[in-house]
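Here is the structure we will look at.
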Amino acid sequence: MASPVTIDFHAHAQSPKAGELIAQAPDNPRAAPNPHNEHLQRTRYRAAFSDVGVRLQTMDRQRIDTQVVSPAPIYAYWADQELSSRIVTASNEHIAEICASHADRFVGLGHVSLQFPVVAAQQVAEALDSLGLRGVEIGTRVEGMDLDDPALDPFWTAAEARQAPIFIHPAGTTLGKRIARYYLTNLIGNPLDTTIALTNLIFGGVLERFPNLRIVAAHGGGYLPSYFARTRHGYEVRPEARTIPHEPGRYLRRLWVDNLVYEPVFLAHVIDVMGPSQVVLGTDYPFDMGQDNPVDLVDAVSGLSPEDMRRVKSQNALQLLGMA
């Protein structure tokens, strides 16, 4: 079978069973209605999540050969171990079913109980070995714990050993009332949370301790590539930032980001900062904050060589997924 020409690394599915487990949990701290999530209940979103035919039609329109399907970012890191394991199982089995329905068009990423790092390490192996998934998706933080917390080392160890790509996707922000209006929780909060998570991975030494991690960040890596010169400058002048043995740019280029930045001029900057080997396609299917034209966006970047276009459209993703 020929390798896909285009791969969307950022697309979601929602397990109905996992959704029920989360909604019915008596200790769910987010059980109150959220007006920003009402769009999930609209007919077109339900069909986009549940109807594989709709998914395939959208991919064809977007010129996407293969879609990397990951869980909708509802991680339920507040759940106890028993409930969390049931949510993970339901979510991962659902994604595996989608992938099995059209193995030539879909590959999957799983969910893990990141609040229990040893369990999450075991779930990485289960997702890859038992369900045929290629990697896992995690949030930008685990309730009150950031991603550079040493408690998470068992998870990083397992993911690195298996060369499993880890897709980091935000699920809200801690900024609170200041961004309660105008949908700023997503417009500003989500990319900022990703920026904080990636910066913690750099300054917290995670990328130093685990140099072979395959970390892919949603939404162009948040704001980090846009203003990375300030991060580098802070490392040079502030003792608080001298926590790593090498300048931050060395670690930045160990990360991958998707191209979900909407306009060619911004994508050109991301590619320039990250390097053409570190960028993949992303739609955020089926959400309204996604982009419908990731391939067109690459084509519109001025001065990008044909080889670099191939890297962004498929080759980087194939290598991350172990399919090259």
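Each row is one residue, and each column tells you yes or no for (1) in a helix (DSSP H, G or I); (2) modelled with pLDDT of 95 or more; (3) within 22 Å of W156 (Cβ to Cβ).
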| site | (1), (2), (3) |
| --- | --- |
| L207 | yes, yes, yes |
| I215 | no, yes, yes |
| S226 | yes, no, no |
| G249 | yes, yes, yes |
| S302 | no, no, no |
| R311 | yes, yes, no |
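Yes/no matrix, rows are residues, columns are (1) assigned to a loop (DSSP other than H, G, I, E, B); (2) touching a helix residue (DSSP H, G or I) at 6+ places or on another chain (Cβ under 7 Å); (3) modelled with pLDDT of 90 or more; (4) of a type in the set (D, E):
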site: D27; (1), (2), (3), (4): yes, no, no, yes
site: W78; (1), (2), (3), (4): yes, no, yes, no
site: S91; (1), (2), (3), (4): no, yes, yes, no
site: V118; (1), (2), (3), (4): no, yes, yes, no
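Rundown of residues vs (1) buried (at least 19 other Cβ atoms within 10 Å of the Cβ); (2) at pLDDT below 95; (3) not in a helix (DSSP H, G or I), yes/no style:
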position: L40; (1), (2), (3): no, yes, no
position: R61; (1), (2), (3): no, no, no
position: I64; (1), (2), (3): yes, no, yes
position: P73; (1), (2), (3): yes, yes, yes
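As an exercise: evaluate R242 against (1) over 17 Å from L198 (Cα atoms); (2) surrounded by fewer than 20 Cβ atoms within 10 Å (Cβ to Cβ); (3) not polar (S, T, N, Q) and give the number of the one condition it does not meet.
Unmet for R242, out of (1) over 17 Å from L198 (Cα atoms); (2) surrounded by fewer than 20 Cβ atoms within 10 Å (Cβ to Cβ); (3) not polar (S, T, N, Q): (1).
What tally of residues in region 135-162 results from selecting those that are in contact with a Leu (Cβ under 8 Å, 6 or more places away or on another chain), outside any strand (DSSP E or B) and of a type in the set (G, A, S)?
Summing the residues that are in contact with a Leu (Cβ under 8 Å, 6 or more places away or on another chain), outside any strand (DSSP E or B) and of a type in the set (G, A, S) in region 135-162 gives 2.
State which residue is nearest to F9 (Cα to Cα) when the search covers only region 224-263 and only residues that are aliphatic (A, V, I, L, M) and in contact with an Asp or Glu (Cβ under 9 Å, 6 or more places away or on another chain).
L260
In region 233-242, is there at least one residue being under 28 Å from M309 (Cα atoms) and in a helix (DSSP H, G or I)?
No, the conditions are met nowhere in region 233-242.
State whether one or more residues within region 171-191 are assigned to a loop (DSSP other than H, G, I, E, B), at pLDDT 95 or above, touching a helix residue (DSSP H, G or I) at 6+ places or on another chain (Cβ under 9 Å) and among the aliphatic types (A, V, I, L, M).
Scanning region 171-191 turns up no residue that is assigned to a loop (DSSP other than H, G, I, E, B), at pLDDT 95 or above, touching a helix residue (DSSP H, G or I) at 6+ places or on another chain (Cβ under 9 Å) and among the aliphatic types (A, V, I, L, M).
In region 99-114, which residue that is surrounded by 22 or more Cβ atoms within 10 Å (Cβ to Cβ) and of a type outside the set (A, V, I, L, M, F, W, C) is farthest from D51 (Cα to Cα)?
Only one residue tops the list, namely S113.
Could you list, ordered by first residue, the pairs with Cβ atoms under 7 Å in which the first is in region 1-13 and in contact (Cβ under 8 Å) with a residue 24 or more places away in the chain and the second is assigned to a loop (DSSP other than H, G, I, E, B) and among the polar types (S, T, N, Q), at least 6 apart or interchain?
So the pair list comes out as D8/T283; H10/T283; A11/T283.
If a residue has to be out of contact with any strand residue (DSSP E or B) (no Cβ under 6 Å at 6 or more places or on another chain), in contact (Cβ under 8 Å) with a residue 60 or more places away in the chain and over 22 Å from A23 (Cα atoms) to count, how many in region 90-107 make the cut?
Looking only at that region, the number is 1.
Checking the conditions here, which among L152, L192, L184, L114 is free of Cβ contacts under 8 Å to residues at least 12 places away in the same chain and within 30 Å of Y251 (Cα to Cα)?
The conditions single out L184.
Of all residues in region 264-289 being in a loop (DSSP other than H, G, I, E, B) and either among the hydrophobic types (A, V, I, L, M, F, W, C) or out of contact with any strand residue (DSSP E or B) (no Cβ under 8 Å at 6 or more places or on another chain) (or both), which is surrounded by the fewest Cβ atoms within 10 Å (Cβ to Cβ)?
Per the criteria, the residue is D288.
Within region 1-16, which residues are outside any loop (DSSP other than H, G, I, E, B) and either touching a strand residue (DSSP E or B) at 6+ places or on another chain (Cβ under 8 Å) or more than 29 Å from T89 (Cβ to Cβ) (or both)?
Within region 1-16, I7, D8, F9, H10, A11, H12, A13 qualify.
Hey, could you check region 290-311 for residues that are farther than 20 Å from H219 by Cα and of a type in the set (S, T, N, Q) and say which is surrounded by the most Cβ atoms within 10 Å (Cβ to Cβ)?
The extreme case among them is S305.
In region 83-134, which residue that is in contact with a Pro (Cβ under 6 Å, 6 or more places away or on another chain) and aliphatic (A, V, I, L, M) is farthest from Q14 (Cα to Cα)?
V118
The values are calculated or read from the model by the stated rules, or taken from the named source; none is laboratory data. Predicted model, so just to flag it, every value in this text is computed and none were measured. Reconstructed Cβ throughout: ideal geometry from the backbone, glycine too, with neighbour counts over all protein chains shown.
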